[in-house]
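Inspection log for the structure reproduced underneath, given as structure tokens.
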Amino acid sequence: MSDQDASPAASGAPAAPTAPMDLWACVDDLWAWLDAGRPHDGREGLLLRMLKLSEEVGEVAQAVIGVTGHNPRKGTTHTWEDVEAELCDVVITALVALRTLTPDAREVFTRHLARVTERSLPR
């Protein structure tokens, strides 16, 4: 059986969720998981968590270059779905980084989104 034929459960991958997920509960769970296994504490750990965001943004750039075939040596190596997935990783990483800075990440984000929306969208 090929890897493509294997079901998520058979491959050890988590099954797709069947019910709507709570974004902030997932962010808290991911933060707790990462925090429990962090190899660096204190300021260094905090800075490395923030730098992870730059790594993920770089992966978006790599996927865009790959989908456009901009690197002639490699050609077309990605799809727009790959770009979507990388953008999702950026969002998740940013939310976990925010949660690392404050346990009130949901409130901080909601307030900030409201300010950006108010100043950006016509009334």
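Looking across the range 81-96, the residues that are over 25 Å from Leu46 (Cα atoms) and surrounded by 16 or more Cβ atoms within 10 Å (Cβ to Cβ) come down to Asp82, Val83. A Cβ distance below 8 Å, combined with a sequence gap of six or more or placement on separate chains, defines the contacts here; from the range 83-109, residues that are closer than 13 Å to Trp24 by Cβ reach residues that are surrounded by fewer than 19 Cβ atoms within 10 Å (Cβ to Cβ) and of a type in the set (Ser, Thr, Tyr) in the pairs Val108/Thr102. Give the residues of the range 69-100 that are out of contact with any helix residue (DSSP H, G or I) (no Cβ under 8 Å at 6 or more places or on another chain) and more than 19 Å from Gly58 (Cβ to Cβ), sorted by residue number. Answer for the range 69-100, where residues must be out of contact with any helix residue (DSSP H, G or I) (no Cβ under 8 Å at 6 or more places or on another chain) and more than 19 Å from Gly58 (Cβ to Cβ): Pro72, Gly75. Being within 11 Å of the chain's Cα centre (by Cα) and of a type in the set (Asp, Glu) holds for only one residue in Glu55, Glu81, and it is Glu55.
Of the residues making up the range 97-104, none is hydroxyl-bearing (Ser, Thr, Tyr), exposed (fewer than 14 other Cβ atoms within 10 Å of the Cβ) and assigned to a helix (DSSP H, G or I).
Residues in the range 22-53 that are assigned to a helix (DSSP H, G or I) and over 17 Å from Arg99 (Cα atoms): 0 in all.
Only the coordinates and a few stated rules stand behind these numbers; no lab work does. Please read these numbers as outputs of a predicted model, since none were measured by experiment. Neighbour counts are summed over all protein chains in view; Cβ atoms, including those assigned to glycine, are modelled from backbone coordinates with ideal geometry.
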